[in-house]
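K.L.:
Pasting a structure here, questions to come.
No lab work stands behind these numbers, since they all come straight from the coordinates. Predicted model, so just to flag it, every value in this text is computed and none were measured. Don't worry about glycine lacking a Cβ; one is built from the backbone with ideal geometry, like all the others, and counts go over all protein chains shown.
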Amino acid sequence: MNLTVPIEEGEIHATIRAPKGASTGCAIVYYHGGGMLYGDRDDLPEPYMEMIEDAGHTLIAMDYPLCPETALERSLALSLQALCHVVERVLPDLCCTRYALFGRSAGAYLALKLADRMRAEHPQLLQPSAIWDFYGYWDLADPFTNTPNAHYLTLPAVDEATAVNACGPSGSLVLHGPKATRYALYVHARQQGLWAKMLGITDANASDLSLSPANLARLPPVFITASTGDNDVPLKQSKTLMRSTPRHRMHQVYYLEHDFDRDTSNPAGSETYRDALAYLDEALEPTER
């Protein structure tokens, strides 16, 4: 089922998949990866969506405004508007009394940041019961955001003209960024150390766009997974998150690529989702007593 969500600058879209059997009354709100520069909401591999549905959870895959057309700060604000609408208007219609935020890579950053902003700016609304952070990040002042990445430097060079041609008009609302046409933008950003600039991150706002140790300490239970072989996001982002959140589970995999669950033939992916679902059960248990 497709859903249209109103925001100040128009509307965004979501895809809803209901559980196949009895419902737990919990929705999992999903944000895709792509460095905030590319990707689309329907990128979650089918086997994992089926695992979520079989567990009785409703899956809501959300669009969000992509950079650089929309600066990260504004994208966050619009994404929060959309999440508030889902929490207030959509979850009751779906008979969902609880929800978790789930993101992969850039989507995990969104999940963490939106949970923090929901608590700070909308405490009267239903708060997330848990977060799934799949190989995400939270510290945008880290040098990895604005220095050339060794892995991406091994790929064919993407020149500035190609990157510019992949973008829409500045200020336009871009919600769907196919990898075939937008991945070059991300490669260029990482090769040139321009990723932070393309997101609109500056010395003045990097701290506000990150999460502080105090922010991390107030997060709901967080399931964290990342690989020791990640050549995109430093593993220390996940490790520090683990040390800074009082309620968490760290599911580390070894020697695999950044988005290791993309390869559904590798059992590491399904094992990770089974562990994430088990942790979500634990996070939901106190509300059922």
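K.L.:
Restricting to Cα atoms and excluding each atom paired with itself, what does the Kirkwood estimate give for segment 118-198 in Å?
P.N.:
Taking the inverse mean of 1/r over all distinct Cα pairs, segment 118-198 comes out at 15.3 Å.
K.L.:
Let's test this: bin the Cα-Cα distances of segment 201-289 at 10 Å from zero up to the farthest pair and state each bin's percent.
P.N.:
In order of increasing distance, the bins hold 15, 38, 34, 12, 1 percent.
K.L.:
For L241, what is the net charge nearby, where nearby means another residue's Cβ is under 10 Å from its Cβ and Lys, Arg count +1, Asp, Glu -1?
P.N.:
Result for the neighbourhood of L241: +1.
K.L.:
Something else now. In deg cm²/dmol and to the nearest 500, what is the mean residue ellipticity at 222 nm of the chain if only DSSP H runs of at least 4 residues count, each as -39500 (n - 2.57), divided by the residue total? Mind dumping the intermediate values first?
P.N.:
Working: 11 runs with 109 residues, N = 289.
Computed ellipticity for the chain at 222 nm equals -11000 deg cm²/dmol.
K.L.:
Please go through segment 1-106 and write out the chymotrypsin sites (Phe, Trp or Tyr not before Pro) that DSSP classes as loop and that have at most 10 other C-beta atoms within 10 Å.
P.N.:
Loop-located and lightly packed - none at all.
K.L.:
Note down the nm distance, to one decimal, between modelled labels 7 Å out along Cα→Cβ at Q81 and at T162.
P.N.:
Inter-label distance under the simple model: 3.5 nm.
K.L.:
Considering only Cα-Cα distances, which of the following residue pairs are longer than 24 Å: K20/K113; K113/K236; K113/K239?
P.N.:
K20/K113
K.L.:
So, one more: Using modelled backbone amide H atoms (1.01 Å from N, in-plane), which distant-in-sequence or interchain residues come within less than 5 Å of H57's amide H?
P.N.:
The answer is T24.
K.L.:
With a cut-off of 17 Å, note down the residues of segment 112-131 whose backbone N falls inside the zone around a label point 7 Å from the Cα of R89 toward its beta carbon.
P.N.:
Hits in segment 112-131 for R89 at 17 Å: 125-126.
K.L.:
Here's another thing I want to ask about it. Once you place label points 7 Å from the Cα toward the Cβ at K197 and T264, how far apart are they in nm?
P.N.:
Calculated label separation equals 4.0 nm.
K.L.:
Here is a follow-up. Ordered by residue, what ³J(HN,Hα) values in Hz, to whole numbers, does segment 123-139 give under the Karplus form 6.51 cos²θ - 1.76 cosθ + 1.60, where θ = phi - 60° and Gly and Pro are x?
P.N.:
x, 6, 8, 4, 9, x, 7, 6, 10, 9, 10, 9, 6, x, 8, 9, 10
K.L.:
Shifting gears a bit: Around A120, with a cut-off of 14 angstrom between Cβ atoms, what is the net charge of the other residues, counting Lys and Arg +1 and Asp and Glu -1?
P.N.:
Residues near A120 contribute +1 overall.
K.L.:
Figure the gain on full extension for Q124 and E9 (residue separation times 0.36 nm, minus the Cα-Cα span) and round it to one decimal in nm.
P.N.:
Working it through step by step, the gained length comes to 39.0 nm.
K.L.:
Now for a different question. In whole angstrom, and with the biggest value first, how far do the Cα coordinates of the chain range along each principal axis?
P.N.:
Rounded to whole Å, the extents work out to 55, 42, 37 Å.
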